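Structure, as structure tokens:
The values are calculated or read from the model by the stated rules, or taken from the named source; none is laboratory data. None of these values were measured; they are calculated from a predicted model. Positions of Cβ are generated from backbone atoms using ideal geometry, with glycine treated the same way; all protein chains shown enter the neighbour counts. For the accessible areas, the whole protein counts, side chains as well, though only heavy atoms, and no ligand, DNA or RNA atoms are used. Shrake-Rupley method; radii C 1.70, N 1.55, O 1.52, S 1.80 Å.
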Amino acid sequence: MAYKLGEVILSRESIARRVHELAEDIARDNGKDNSVVIVGILTGAAFFLTDLVREMPEDMDVRVDFMSVASYGDSTTSSGVVRIFHDLKSSIEGKNVIVVEDIVDTGLTLSHLLELLKGRHPASLKVCVLLDKYERRKTEVKVDYCGFRIPDKFVVGYGLDCAGKWRHLKDIKYVIEE
Ligand code: IMP
């Protein structure tokens, strides 16, 4: 099937404004020790993450780490299987962790990943997503910080891809089937 780019759903300006607000919210909620480990899920979230952390205050102790995972499981599996392609470089034990993801759709990837990370005993574990396709949820995931709730349509840009394409777009756009 062939795809082409559709209209802009989120402009670069509105994304930048919201990313700034999310960073402010995270900084405000951050614990006394003022430290946080931001865990980005490769590849899509890398784009959002780099903008997000640069909006955080200079006096915050912000560490960045990445994971690359694929989720196997279904909505009836409470703790599914996450296959790790690339793991974190540092231990998260006793740390305030925020998982940063580009989009939460069915919620399966995130819920499986959160189970896995909980087992590593962080002091706290929160979730920050840029986009939430809430209509498609198959399993409950507690999203602590959400950029935008969007309808159930495929989108690309700002890290999000369609078969590897269009991650590099500055705006987020719909994809249309030709
Ligand atoms: P979930 O396990 O269904 O929540 O899967 C989330 C993953 O699906 C995201 O990390 C994306 O890789 C992918 N995804 C879901 N919807 C879209 C979309 O509209 N555009 C691009 N990727 C998407």
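Got a number for residues in region 1-29 being in contact (Cβ under 8 Å) with a residue 60 or more places away in the chain, over 13 Å from residue 128 (Cα atoms) and open to solvent by 30 Å² or more (accessible area, probe 1.4 Å)?
Residues flagged as in contact (Cβ under 8 Å) with a residue 60 or more places away in the chain, over 13 Å from residue 128 (Cα atoms) and open to solvent by 30 Å² or more (accessible area, probe 1.4 Å) within region 1-29 amount to 10.
Residue check: is residue 56 assigned to a loop (DSSP other than H, G, I, E, B), at pLDDT 95 or above and open to solvent by less than 70 Å² (accessible area, probe 1.4 Å)?
The answer is yes for residue 56.
Across region 59-100, what is the number of residues that are among the charged types (D, E, K, R), over 19 Å from the mean Cα position of the chain (by Cα) and at pLDDT 95 or above?
Adding up the residues that qualify gives 2.
I'm trying to understand the selection: among the residues of region 127-146, which are of a type outside the set (A, V, I, L, M), within 11 Å of the ligand (Cβ to nearest atom) and modelled with pLDDT of 95 or more?
132, 133
Would you pick out the residues in region 25-49 that are within 15 Å of residue 63 (Cα to Cα) and among the acidic types (Asp, Glu)?
Within region 25-49, 33 is the sole residue that qualifies.
Yes/no per residue for (1) within 14 Å of the ligand (Cβ to nearest atom); (2) small (Gly, Ala, Ser):
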| residue | (1), (2) |
| --- | --- |
| 61 | no, no |
| 67 | yes, no |
| 95 | no, no |
| 109 | yes, no |
| 121 | no, no |
| 125 | no, no |
| 153 | yes, no |
| 159 | yes, yes |
| 162 | yes, no |
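Scan region 83-100 and tell me whether some residue there is without any contact (Cβ under 8 Å) to a residue 40 or more places away in the chain and surrounded by 18 or more Cβ atoms within 10 Å (Cβ to Cβ).
Checked region 83-100: no residue is without any contact (Cβ under 8 Å) to a residue 40 or more places away in the chain and surrounded by 18 or more Cβ atoms within 10 Å (Cβ to Cβ).
Looking at region 33-52, which of the residues that are farther than 20 Å from residue 89 by Cβ and assigned to a loop (DSSP other than H, G, I, E, B) is farthest from the chain's Cα centre (by Cα)?
Among residues in region 33-52 that are farther than 20 Å from residue 89 by Cβ and assigned to a loop (DSSP other than H, G, I, E, B), the one farthest from the chain's Cα centre (by Cα) is 33.
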